[in-house]
Each structure stands twice: as C-alpha cells, then as structure tokens.
Number of protein chains: 2
Amino acid sequence: MQNHLKKEIIHLDGIDSRLIELLYENARTPVTELSRAVGMTAPSVNERLKRLEEKGVIAGYRIEVNPTVLGYSLIAIVRMRPLPGKLKALEALIVSIPEFVECDKVTGEDCYIARLYLKDISDLDPILDRFSELADTNTAIVKSTPVKRRLLV
Amino acid sequence: MQNHLKKEIIHLDGIDSRLIELLYENARTPVTELSRAVGMTAPSVNERLKRLEEKGVIAGYRIEVNPTVLGYSLIAIVRMRPLPGKLKALEALIVSIPEFVECDKVTGEDCYIARLYLKDISDLDPILDRFSELADTNTAIVKSTPVKRRLLV
DNA sequence: CCTGAAATACTGATTCT
DNA sequence: AGAATCAGTATTTCAGG
C-alpha cells in the first residue's frame with residue numbers, strides 16, 4: 001500500500017495543461033476566452049480552475065514586475081557559508097533585506113544561495129559588509145539570463 | 001542633459017505600489033475590488049494598470065504552478081563551467097531541457113547557474129551525464145527555501 | 001459537463017478639476 | 001493629465017439537468 005499522506009501526485013489532462021499554459025501567458029485571461037480556446041463552456045472551465053486551485057496545482061495568480069524599470073539594473077547571485085554558530089543569524093539577516101528576492105538553503109559547501117537585486121554596483125559592498133561577521137560570501141553578477149523562469153513542461 | 005534612451009526610471013506613488021502589492025497576492029483580482037481597496041473608481045484604476053503595463057512595470061500576469069503537486073519533489077541548483085570551446089553548445093543544451101526552469105549566465109568561475117526540477121534523485125545523474133563533454137558541473141540540492149521569490153520593496 | 005439567467009464587472013465617451 | 005460618471009457590453013456565477 002502506498003503512502004497517501006501528503007504525497008498524492010496530480011496528473012493533468014490535455015485541457016488542464018492547455019489552461020495552465022494560457023494562464024501562464026496571461027493570468028488575467030477571462031474564463032470565457034479560455035473556454036473558447038479549449039472548446040468548452042465557461043462554467044466548465046471555471047470548475048476546472050477551482051479544482052486546480054484546490055488541489056494546489058495553481059498556487060496563485062501573480063504579476064511579474066520588471067525590476068529594471070524601477071531602477072534595479074543589476075542582479076547578483078550570492079552564495080554564503082555561515083561562520084561557526086552564525087547559521088540562524090545569517091538566515092534572519094538574508095530574510096530581512098528586501099533586495100534578496102529569493103534564497104535557497106542547499107546541501108554542500110555553500111549553505112545558502114540567494115538572488116540579490118541592486119540599483120547600482122556601488123550598493124553591493126554595503127550589503128555584503130553586513131554579512132562580514134556571519135558568513136563567507138561569494139558573489140557572481142548576472143550578465144544575461146538564457147532561461148527566464150519558465151513553466152515546467 | 002540626461003540620457004533618455006532606455007534608461008528612464010519609473011517612480012511609483014503609493015496607489016501604484018498598493019495596486020502592485022494587491023495584484024502580486026492575486027493577479028485576478030477584479031478592477032472593481034482593487035478600486036475599492038485604493039479608494040478610486042474602476043476606470044481610474046484601469047487607466048493606472050494600463051499605464052503600468054505600457055511603462056513596463058507590470059511585465060505580465062502569470063500563474064504560479066506548484067511543481068511538487070505534479071511530482072517534482074526535488075530542486076537542484078547546478079553551477080556549470082564550460083569546457084574549452086563548448087560554451088555555445090552548453091547553453092543550447094541547458095535551454096533545451098525543460099527541467100531547467102531558470103538559468104543565469106554570470107561572472108566568475110562558474111559561467112552558468114541553473115535551477116533544475118526533478119521528480120526523483122535518480123533523475124539527476126542521467127541529466128548531468130548529458131553535460132559530461134561540455135562542462136564541469138557542481139550540484140547542490142535545495143533543502144528549504146527561506147525566501148520564496150518575492151516582490152522587491 | 002452543459003444551458004440559461006441573474007449578478008457583477010469591464011470599456012468607452014464625455015465631463016470635470 | 002488624471003480622475004469621475006454613466007451607459008452599453010461582456011463576463012462571472014449560480015441554478016437545474
């Protein structure tokens with residue numbers, strides 16, 4: 001017997017996949033337009049969306065904000081290895097700085113890998129200085145993004 | 001005279017910021033509801049949204065899909081350094097594999113940093129094997145995500 | 001999953017400040 | 001220029017099958 005605690009995997013049919021694709025392109029697409037695209041009525045599509053939300057496939061509807069337009073012209077990837085006893089403090093500091101827009105805790109030598117948005121390269125050092133007592137850091141500047149965050153499948 | 005080619009920085013007032021916040025929480029919020037939240041009429045809010053789209057602040061409306069529910073229970077961060085003469089081929093291979101949902105080209109020793117979704121740890125080696133002639137790779141498994149991709153500001 | 005109808009939301013032209 | 005009002009369409013959301 002399989003483990004049914006939290007491990008149920010959802011399988012999407014062709015119509016669900018298409019709906020997800022369409023909504024990834026434009027999450028504000030009206031249900032009536034979606035329904036035309038998949039050859040169904042609006043209430044049916046609405047039900048499917050509700051189901052996809054309930055099952056957790058659709059975790060949310062978000063806007064994508066372009067940080068460049070707001071003056072954040074640089075992205076850095078910062079890897080951090082906490083100094084002895086500083087792990088909790090390190091993580092708390094990362095979380096508290098809004099310019100860190102994402103951070104993963106990982107296996108291996110580096111403990112944290114974070115994505116940092118900057119208005120200017122001169123903003124980098126003041127931020128990294130705040131970590132000098134907490135971690136060894138290694139910073140790489142993003143030159144381009146060959147794959148922009150995309151939908152799996 | 002300032003440079004007006006591509007470098008104009010947009011400044012948001014309080015209402016724009018609030019609209020962006022609300023739409024980040026739920027990009028399908030009806031304009032009428034947004035208008036109630038910010039104390040304006042629906043057409044005014046609609047104009048603001050159009051302006052934010054035109055200026056490029058709002059780059060798009062997306063859904064957030066939960067990969068775990070679809071069976072992708074592991075995330076890996078893969079750093080890659082191309083072997084001599086293999087840079088183009090390496091980038092092309094990364095782009096061609098849908099499980100790489102994001103990839104940045106960066107300064108420093110590692111040339112690429114990519115995010116890889118996996119159904120199972122046993123799927124890792126077959127994918128990395130495809131890179132054996134193209135790059136030295138370094139893989140870290142994500143244990144947790146202290147900061148989930150969030151809005152700047 | 002569909003039909004049909006009621007409630008709600010969107011869109012634009014126009015006016016006002 | 002940006003915001004309000006109002007009227008005409010379009011969309012969403014239930015009911016019932």
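The values are calculated or read from the model by the stated rules, or taken from the named source; none is laboratory data. These figures come from a predicted structure and were not determined experimentally. Heads up, the Cβs are rebuilt from the backbone with ideal geometry, glycines too, and the neighbour counts pull from every protein chain shown. When the accessible area is computed, the model is the full protein with side chains, heavy atoms only, and any ligands, DNA or RNA have been set aside. Shrake-Rupley method; radii C 1.70, N 1.55, O 1.52, S 1.80 Å.
Of all the residues in region B:51-70, those that are more than 16 Å from the chain's Cα centre (by Cα), more than 15 Å from DNA strand C (Cβ to nearest atom) and open to solvent by 50 Å² or more (accessible area, probe 1.4 Å) number 2. Before we move on, is B:Leu74 more than 16 Å from the chain's Cα centre (by Cα), away from DNA strand C (no atom under 16 Å from the Cβ) and within 26 Å of A:Arg150 (Cα to Cα)? Against the criterion (more than 16 Å from the chain's Cα centre (by Cα), away from DNA strand C (no atom under 16 Å from the Cβ) and within 26 Å of A:Arg150 (Cα to Cα)), B:Leu74 qualifies. Against the list (1) more than 16 Å from DNA strand C (Cβ to nearest atom); (2) open to solvent by 70 Å² or more (accessible area, probe 1.4 Å); (3) at pLDDT 95 or above, the condition A:Arg18 fails is (1). Applying the condition of being among the hydroxyl-bearing types (Ser, Thr, Tyr) and either in a loop (DSSP other than H, G, I, E, B) or within 12 Å of DNA strand C (Cβ to nearest atom) (or both) to region B:21-33 and asking which residue is nearest to the other protein chains (Cβ to nearest Cβ) yields B:Thr29.
Note on region A:101-126: residues that are outside any helix (DSSP H, G or I) and either among the hydroxyl-bearing types (Ser, Thr, Tyr) or touching a Lys or Arg at 6+ places or on another chain (Cβ under 7 Å) (or both) total 11. Of everything in region B:1-15 that is at pLDDT below 85 and over 18 Å from B:Glu53 (Cβ atoms), the residue that is most open to solvent (accessible area, probe 1.4 Å) is B:Met1.
Of the residues screened, B:Ile9 is not one that is at the interface with another protein chain (Cβ under 10 Å from one of its Cβ atoms), under 30 Å from A:Asn138 (Cβ atoms), in contact with a Ser or Thr (Cβ under 8 Å, 6 or more places away or on another chain) and more than 16 Å from DNA strand C (Cβ to nearest atom).
The residues listed here are A:Val69, A:Val95; of these, the one that is on the phi < 0 side of the Ramachandran plot and in contact with a Gly (Cβ under 9 Å, 6 or more places away or on another chain) is A:Val69.
Residues considered: B:Arg48, B:Arg36. Of these, the only one that is within 16 Å of DNA strand C (Cβ to nearest atom) and in contact (Cβ under 8 Å) with a residue 24 or more places away in the chain is B:Arg48.
When A:Thr145, A:Thr68, A:Thr139 are checked against the criterion of being within 9 Å of another protein chain (Cβ to nearest Cβ) and part of a loop (DSSP other than H, G, I, E, B), A:Thr68 stands alone in meeting it. Restricting attention to region B:71-98, the residues that are more than 7 Å from chain A (Cβ to nearest Cβ), open to solvent by 40 Å² or more (accessible area, probe 1.4 Å) and in a loop (DSSP other than H, G, I, E, B) total 5.
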